[in-house]
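Report on the following structure.
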Amino acid sequence: MAARLEVRAGTAYYPVEVGFGLGVGELAAAVLEPGECALLTDSTVGPLYAEKVRRSLRGVGWRLLETVEVPAGEGSKSLAVYGEVLRRLARAGLMRDGVLFALGGGVVGDLGGFVAASYMRGIPLVMLPTTLLAMVDSSVGGKTGLDLPEGKNLVGAFLQPRLVVAELCFLESLPGRELSRGLAEVVKMGLLAGGEFFGALERVGAALRREAAALEELVLRSVSFKAGVVAADERERGRRAILNYGHTVGHGLEAASGYTLAHGEAVAVGMVAEALLARRVLGSELVGLHERLLREARLPVRAPGLDAHRVLGAMGRDKKRRGGAHRFVLLEEVGRPVWGVEVGEEEARRAVEAVLG
């Protein structure tokens, strides 16, 4: 069971392979001439899958110079870890015609993407996402980034990968809570897309039970939707901003928690807050729908215990903020997002406080 999608973004074009039992080495060799490469992974994924990937690469002629394993978790999206990865690649002798394979979840993908964008002024990147969250969202679209203590993804670059291999077998070892966190982005895109994709959200329960057909359908629909948005607006100067739905508040929640609140859970709560804002600003009535879908995905709809002032402070450093107003993506109806909606500090505070109770 396998499917291929194609992503076009500016002058970049690359395939996304989705399925079970995919051969990473062969798929990469079909896109890039096998040569010297390095593998970036983390301390959770590396022991499970790094050797399998190494064997696949070597089997078709790739020369693996180095495997760099970073600590699992958001803390590795830091300037310190970034610098150490660069030095490891330099000591291994990887040159600008080398390829970086990023094997892991969103943290490894974001870190690896920024490493590939900047090492030797840019080297090819192959994404090997191992979490549902990374498969449906962060591995596609070219955004890379590191966190600062002051906020999430404040350092980064755009770099489109040359290939994405979404090996669904990797999800077999994914804890149930991590699967739920990935479904936050699936629910988000289904709400944005409407139509058949929104209807497919009824398969969220089957995905949680790890039913192969449901997982494949939701991954394919998510990647296809995101690819269409990215193709029309690679650098987020317009419509691509809709993919930030739930993220303006979500990123503030993550930062306020010291990144102990997982991204998917923060985005889930962020969507509820932004649905509350849409009710006040646009008159839409989607709060109950959001809460039902997120609960079906076993995701939180509140983040009790966080400090509203800290959340708002982190939101104040959001890259999308202009002047004195927060800028939000809000839903008028399912499938009808609007972006760039300016909301004052008091309205934003009320929405944040409502999801912290």
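Closer than 18 Å to residue 241 by Cα, touching an Asp or Glu at 6+ places or on another chain (Cβ under 9 Å) and assigned to a helix (DSSP H, G or I): does that describe residue 331? I'd like the intermediate steps shown before the answer.
Details: closer than 18 Å to residue 241 by Cα: yes; touching an Asp or Glu at 6+ places or on another chain (Cβ under 9 Å): yes; assigned to a helix (DSSP H, G or I): no.
No: the conditions fail for residue 331.
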Checklist entry - From the list 232, 227, 241, which residue is aliphatic (A, V, I, L, M) and either modelled with pLDDT of 95 or more or under 20 Å from residue 129 (Cβ atoms) (or both)? => result 227
Next on the checklist: Of the conditions (1) part of a strand (DSSP E or B); (2) in contact with a helix residue (DSSP H, G or I) (Cβ under 8 Å, 6 or more places away or on another chain); (3) more than 21 Å from residue 37 (Cβ to Cβ), residue 154 satisfies every one except a single condition; which number is it?
Outcome noted: (2)
Checklist outcome for this item: Residues of the range 1-51 being part of a helix (DSSP H, G or I) and either over 14 Å from residue 165 (Cα atoms) or aromatic (Phe, Trp, Tyr) (or both), in sequence order, are 46, 47, 48, 49, 50, 51
Next on the checklist: Give me the residue from the range 161-176 that is open to solvent by 10 Å² or more (accessible area, probe 1.4 Å) and more than 21 Å from residue 262 (Cα to Cα) and, out of that set, nearest to the chain's Cα centre (by Cα).
Outcome noted: 162
Checklist entry - When residue 266 is evaluated against the numbered criteria (1) of a type in the set (A, V, I, L, M); (2) free of Cβ contacts under 8 Å to residues at least 40 places away in the same chain; (3) over 30 Å from residue 149 (Cβ atoms), which criterion, by number, is the only one it fails? => result (3)
Item to check | Counted residues, the range 91-139 - those being crowded, with 24+ Cβ neighbours inside 10 Å and assigned to a loop (DSSP other than H, G, I, E, B) | outcome: 4
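Within the range 185-205, how many residues turn out to be among the charged types (D, E, K, R) and either assigned to a loop (DSSP other than H, G, I, E, B) or surrounded by fewer than 16 Cβ atoms within 10 Å (Cβ to Cβ) (or both)? Before the answer, list the steps.
Let us first name the residues in the range 185-205 that are among the charged types (D, E, K, R), namely 185, 188, 196, 202-203.
Next, only the ones that are either assigned to a loop (DSSP other than H, G, I, E, B) or surrounded by fewer than 16 Cβ atoms within 10 Å (Cβ to Cβ) (or both) stay: 196, 202.
Here the count works out to 2.
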Item to check | Selection status of residue 331, in contact with a Pro (Cβ under 6 Å, 6 or more places away or on another chain), over 16 Å from residue 252 (Cβ atoms) and touching a residue at least 40 places away in the same chain (Cβ under 8 Å) | outcome: yes
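Just to verify a result, which residue in the range 141-151, among those that are assigned to a loop (DSSP other than H, G, I, E, B) and out of contact with any helix residue (DSSP H, G or I) (no Cβ under 6 Å at 6 or more places or on another chain), is farthest from residue 74 (Cα to Cα)? Full working, then the answer.
As a first pass, look at the range 141-151 and keep what is assigned to a loop (DSSP other than H, G, I, E, B): 141-142, 144-145, 149-150.
Add one more test, that the residue is out of contact with any helix residue (DSSP H, G or I) (no Cβ under 6 Å at 6 or more places or on another chain), and what stays is 142, 149-150.
Working: 142: 19, 149: 12, 150: 14 Å.
So, considering only residues that are assigned to a loop (DSSP other than H, G, I, E, B) and out of contact with any helix residue (DSSP H, G or I) (no Cβ under 6 Å at 6 or more places or on another chain), the one farthest from residue 74 (Cα to Cα) is 142.
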Checklist outcome for this item: Those residues of the range 2-53 which are under 19 Å from the mean Cα position of the chain (by Cα), open to solvent by less than 10 Å² (accessible area, probe 1.4 Å), closer than 19 Å to residue 105 by Cα and among the hydrophobic types (A, V, I, L, M, F, W, C) amount to 16, 18, 40
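Out of contact with any helix residue (DSSP H, G or I) (no Cβ under 9 Å at 6 or more places or on another chain), under 23 Å from residue 175 (Cβ atoms) and at pLDDT 95 or above: is that true of residue 295 in this structure?
Numbers: out of contact with any helix residue (DSSP H, G or I) (no Cβ under 9 Å at 6 or more places or on another chain): yes; under 23 Å from residue 175 (Cβ atoms): yes; at pLDDT 95 or above: yes.
The answer is yes for residue 295.
Just need a number here: residues in the range 68-90 that are surrounded by fewer than 16 Cβ atoms within 10 Å (Cβ to Cβ) and aliphatic (A, V, I, L, M). Quick ask: steps written out before the conclusion?
Of the range 68-90, the ones surrounded by fewer than 16 Cβ atoms within 10 Å (Cβ to Cβ) are 71, 73, 75, 79-80, 83-84, 87, 90.
Subsequent filtering for residues that are aliphatic (A, V, I, L, M) retains 79-80, 90.
Residues meeting the conditions: 3.
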Checklist entry - Is there a residue in the range 260-275 that is over 26 Å from residue 176 (Cα atoms) and of a type in the set (Val, Ile, Thr)? => result no
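Among residues belonging to the range 157-176 that are charged (D, E, K, R) and at pLDDT 95 or above, point out the one that is nearest to residue 33 (Cα to Cα). Break it down into steps so the answer makes sense when it comes.
Within the range 157-176, the first condition is being charged (D, E, K, R), and the residues that meet it are 162, 167, 172.
Now drop any that are not at pLDDT 95 or above, which leaves 162, 167.
On the way: 162: 12, 167: 21 Å.
Among them, the one singled out is 162.
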Checklist outcome for this item: If you go through 99, 45, 53, the only one that is touching a residue at least 12 places away in the same chain (Cβ under 8 Å), touching a Cys at 6+ places or on another chain (Cβ under 8 Å) and β-branched (Val, Ile, Thr) is 99
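The values are calculated or read from the model by the stated rules, or taken from the named source; none is laboratory data. None of these values were measured; they are calculated from a predicted model. Here Cβ is always computed from backbone atoms with ideal geometry, including for glycine, and neighbour counts include all displayed protein chains. In case anyone asks, the SASA skips ligands and DNA or RNA and just uses the protein heavy atoms, side chains included. Shrake-Rupley method; radii C 1.70, N 1.55, O 1.52, S 1.80 Å.
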